[in-house]
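For reference, the structure is listed below as structure tokens.
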Amino acid sequence: MVPLSWYLIFSAILFSIGLFGVLSRRNLVAILLGIELMLNSVNVNLAAFWRYGTVTNITGQVFAIIVFAVAAAEVSVGLALVISVYRKRNTVIADEIDMLKF
Amino acid sequence: MTIDQIIFLVVAVATLIAAFRVVTTGNLIHAAFWLIAALFGVAAIFAILHASFLAVVQVVVYIGAISILFIFAVMLTRKDMRDQGPQLNRNWGFGAFLAALALVGLVFLVHGWSGVTKTAPAFPSEFDAVSALGNALVSPDAYVLPFEVASVLLVAALVGAVYVAYNRK
């Protein structure tokens with residue numbers, strides 16, 4: 001049987017990889033890819049705690065479903081913003097989008 | 001080492017390699033395809049955890065919808081997809097440091113917690129997790145309100161996305 005700690009460490013590594021992607025990529029779409037990895041690691045944690053807690057208490061899976069919905073909302077708004085910025089500035093590099101700077 | 005552990009390790013290592021390629025590969029369309037591989041790995045983890053509905057939703061929503069959305073976004077912003085210059089910003093070393101710090105902190109927390117050596121209780125064979133989940137999502141005693149709020153959030157976000165990306169010309 002797989003111990004709970006393996007799932008937790010797996011999702012911790014996945015979260016850190018996503019965090020690295022968010023902090024170090026220059027392309028806006030790549031930053032959103034990192035956020036997707038982080039949200040997935042959260043879902044792995046929720047499912048693992050559901051399985052290793054009381055199985056008949058379904059709360060962990062319900063939370064994971066809500067995270068799915070929020071992730072879909074976040075990625076649709078994020079990509080719409082990226083496309084809108086690309087139309088205006090003709091770039092998707094995060095450093096070059098400095099319209100709020102003066 | 002039991003067969004369960006070997007399957008878990010194979011899936012986990014494949015997922016982590018795919019995730020690492022997502023954040024390091026230069027070509028964005030390849031990064032999107034590596035993301036699909038990583039999401040498949042997470043779906044397999046859900047299947048190992050007996051969360052069958054989550055595994056199916058992971059494939060349908062993440063791989064079927066969100067990854068395709070990413071690929072479309074990469075193609076719509078294609079001019080910058082070819083590797084012009086570095087794909088990592090100047091502060092990538094600091095980002096790697098912060099990510100490593102987060103990893104060390106999380107592993108430290110996991111190891112300091114007493115419940116971590118817990119093994120899974122046997123899955124009750126008569127328990128139908130999918131119908132229990134469906135009942136919980138629409139039952140007024142359980143989670144109907146978060147479920148409806150999430151659907152309103154999704155509608156609002158999609159209307160907002162259409163408005164933001166609309167081409168006014």
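Where a number appears in this text, it was derived from the coordinates with a stated rule and is not lab data. The shown structure was predicted, so the numbers you read here are calculated from the model rather than taken from an experiment. Cβ: placed from backbone, ideal geometry, glycine included. Neighbour counts: every protein chain shown.
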B:Leu154 being over 30 Å from A:Ala12 (Cβ atoms) and either in a helix (DSSP H, G or I) or in contact (Cβ under 8 Å) with a residue 24 or more places away in the chain (or both): no
Pairs, first within 9 Å of B:Val110 (Cα to Cα) and at the interface with chain B (Cβ under 7 Å from one of its Cβ atoms) in region A:1-15, second assigned to a loop (DSSP other than H, G, I, E, B) and of a type outside the set (Val, Ile, Thr), C-beta under 9 Å, six or more apart: A:Ser5/B:Trp113; A:Ser5/B:Lys118; A:Leu8/B:Trp113
Residues (in a loop (DSSP other than H, G, I, E, B), within 7 Å of another protein chain (Cβ to nearest Cβ) and buried (at least 16 other Cβ atoms within 10 Å of the Cβ)) located in region A:44-98: A:Val55, A:Ile58, A:Thr91, A:Val92
Set B:Ala102, B:Ala120: member being under 25 Å from the mean Cα position of the chain (by Cα), without any contact (Cβ under 8 Å) to a residue 12 or more places away in the chain and part of a loop (DSSP other than H, G, I, E, B): B:Ala120
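Please find, within region B:23-64, the residue that is nearest to B:Leu137 (Cα to Cα) out of those that are in a helix (DSSP H, G or I) and of a type outside the set (A, V, I, L, M, F, W, C).
B:Ser52
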Selection status of A:Lys101, assigned to a helix (DSSP H, G or I), surrounded by fewer than 18 Cβ atoms within 10 Å (Cβ to Cβ) and more than 7 Å from every other protein chain (Cβ to nearest Cβ): no
